[in-house]
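Peer 1: Handing you this structure, nothing more for now.
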Amino acid sequence: MSYAVAYFVNQYPKVSHTFIRREIAALERQGVRVVRFALRGWDAEVTDAEDAQERERTDYVLKGSLAALSIEALGFLAGNPGAAWSGFRAAWAMSRGSDRGLFRHLASLAEACRLVNWMRRAGVAHLHAHFGTNSAEVAMLARALGGPTFSFTAHGPEEFDKPEALALARKVDSSSFVVAISSYGRSQLCRWVPAGQWPKVQVVHCGIDAAFFAAEQDLAANANDTLVCVGRLCEQKGQLLLVQAAAQLIRRGIALKLVLAGDGELREEIEASVRDLGIEAHVRITGWIGSAQVRDELLAARALVLPSFAEGLPVVIMEAMALGRPVVSTFIAGIPELVRDGADGWLVPAGDVDALAGAMQECLRAEPPRLLAMGRAARARVLGRHLVDVEAARLKRLFGDAIEGSRP
């Protein structure tokens with residue numbers, strides 16, 4: 001069966017959305033025609049050449065004037081009164097209990113009008129959104145306006161932090177299916193929908209492509225004193241706690257170099273904390289880097305450390321494990337489903353700076369044979385659970401079932 005699927009994201013491409021690009025590429029390798037749409041991102045900075053190519057392939061709903069969008073939406077609604085009524089009802093329902101006013105949901109309805117027009121011209125049979133936030137709302141409103149069936153991937157933690165304000169249950173009810181990226185994520189979605197809808201919630205892991213894996217014969221433990229943390233510099237990733245743990249180890253006389261690979265809203269506060277703790281000589285912040293540079297930083301480190309307070313299931317953990325690097329992280333969300341404490345790395349309670357420092361110390365003192373064994377176990381673990389082509393095949397079947405189920 002040949003068909004076109006549209007992917008819709010709030011912002012694309014984005015440095016933290018490499019997994020979406022990999023998923024799209026894997027679907028296209030399997031014969032699915034993927035049309036890319038996003039609300040914004042045409043003017044965002046990109047550091048990766050492949051992201052730059054993706055930007056050229058993507059159409060942006062909010063690119064252009066607000067007046068042009070408004071005229072297009074009014075024309076669509078005037079020409080489709082039945083669809084207009086359904087769309088207004090859905091937007092009104094979304095505003096009930098929302099932390100945003102009705103006007104913002106009507107803006108999403110206008111965005112959905114343009115999206116439906118574009119999908120009809122492109123011959124799209126199904127729409128898939130990433131994240132259960134704005135993008136899933138626009139996809140749901142597009143369906144109410146007579147657009148194709150839709151689904152969405154909920155990643156967390158944002159969807160799980162405010163499910164009622166996001167009307168998560170309404171989005172699940174309107175969808176053909178919903179993807180969770182871990183069993184933990186599925187459990188959080190199931191909390192907010194009737195048990196009769198639980199079969200709609202399918203687990204499809206984010207995947208790593210073959211180019212990112214270290215070959216078995218190339219695996220080698222890196223027994224230096226460098227730990228790398230990859231991710232947006234923000235509260236939920238726990239970097240402020242991480243620099244406190246690093247300072248503990250340095251005060252004990254333990255050699256440590258800490259690389260914070262990324263950027264974000266908490267950078268100035270983290271830099272201030274590093275200065276206050278007197279560990280500037282031990283900490284390097286890279287700023288935003290592309291996937292090739294992420295790979296280089298992981299290979300140059302002894303292990304990945306990610307002391308997150310809230311997560312879905314971080315793709316960078318999969319990437320580190322694919323390169324044979326042990327992981328120091330926390331017992332939260334989907335992380336323990338992938339990382340086994342003592343086998344692939346070390347897991348500690350989130351928010352416990354002493355436990356984090358202890359795990360980092362154990363990692364730094366581990367002998368090369370133990371690091372190598374952990375790295376091999378980590379690589380085998382992620383090979384068995386997160387191959388992007390295997391996960392994309394699952395998605396392809398779900399898309400096909402949704403399309404077949406919608407036909408008279």
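Laboratory data are not the source of any read-out in this text; all were calculated from the coordinates shown. Worth saying up front: this structure is predicted, and the values here are computed from it rather than measured. FYI the Cβ positions are ideal-geometry reconstructions off the backbone, even for glycines, and counts take in every protein chain you see.
Peer 1: Which of the listed residues, L277, L383, G290, is farthest toward the dipole's positive end in region 210-385, when Lys, Arg count +1 and Asp, Glu count -1 at the beta-carbon?
Peer 2: L383
Peer 1: Can you tell me the relative contact order of region 210-385? Whole percent, Cα pairs under 8 Å, sequence separation 6 or more.
Peer 2: Reported relative contact order: 28 percent.
Peer 1: What does the net charge come to around K63 if you take all other residues with beta carbon closer than 12 Å to its beta carbon, with K and R at +1 and D and E at -1?
Peer 2: Values: positive: R40, R55, R114; negative: D43, D59, E111.
For residues surrounding K63, the net value is 0.
Peer 1: Before anything else, pin down the relative contact order of the chain: Cα pairs under 8 Å, at least 6 apart, normalised by residue count, whole percent. Each step should come with its number before you reach the end.
Peer 2: Numbers: 769 pairs, mean separation 64.7, N = 408.
Relative CO of the chain lands at 16 percent.
Peer 1: At what distance in angstrom do the alpha carbon centres of region 255-274 and region 347-372 lie from each other?
Peer 2: Comparing the Cα centres of region 255-274 and region 347-372, I get a distance of 19 Å.
Peer 1: Going by how many other Cβ atoms sit within 10 Å of their own, how do M321, M374, M119 line up, fewest first?
Peer 2: Exposure proxy ranking, most exposed first: M119, M374, M321.
Peer 1: Is the shape of region 107-205 best called rounded, prolate or oblate, per the rule: a/c under 1.5 gives rounded, else a/b larger than b/c gives prolate, else oblate, with a ≥ b ≥ c the square roots of the Cα gyration tensor eigenvalues?
Peer 2: prolate
Peer 1: Rounded to whole Å, give me the distance from the Cα center of region 1-69 to that of region 181-226.
Peer 2: Between the Cα centres of region 1-69 and region 181-226 lies a distance of 22 Å.
Peer 1: Next up: With a sphere of radius 11 Å drawn around the Cβ of L395, what net charge do the other residues whose Cβ falls strictly inside it have (Lys, Arg +1; Asp, Glu -1)?
Peer 2: Values: positive: R394, K396, R397; negative: E23, D389, E391, D401.
Result for the neighbourhood of L395: -1.
Peer 1: Go through G405, A261, Y184 and say which Cα lies farthest out towards the positive end of the charge dipole of the chain; charges sit on Cβ, +1 for Lys and Arg, -1 for Asp and Glu.
Peer 2: Result: G405, furthest along the dipole toward the positive end.
Peer 1: Cut-off 10 angstrom, C-alpha nodes, Gaussian network model of the chain. Which of P157, P326, P13 fluctuates the most?
Peer 2: Highest fluctuation among the options: P157.
Peer 1: Rounded, prolate or oblate: which one fits region 153-197, using the alpha carbon gyration tensor with axes a ≥ b ≥ c (rounded when a/c is under 1.5, else prolate when a/b beats b/c, else oblate)?
Peer 2: The shape class here is rounded.
Peer 1: Can you grab the distance from the C-alpha centre of region 81-121 to the C-alpha centre of region 295-332, Å, no decimals?
Peer 2: Using only Cα atoms, the two centres lie 39 Å from each other.
Peer 1: Cα gyration tensor of region 1-92, axes a ≥ b ≥ c as square roots of the eigenvalues: rounded (a/c below 1.5), prolate (a/b > b/c) or oblate?
Peer 2: Here region 1-92 falls in the oblate category.
Peer 1: Let me spell out the model: positive unit charges on the Cβ of Lys and Arg, negative unit charges on the Cβ of Asp and Glu, origin at the Cα centre of region 87-200. What dipole size does that give, in debye rounded to 20?
Peer 2: 320
Peer 1: Could I ask something else about it? Could you count how many Lys pairs in the chain have their Cα atoms under 20 Å apart, skipping same-chain pairs fewer than 8 positions apart?
Peer 2: 7
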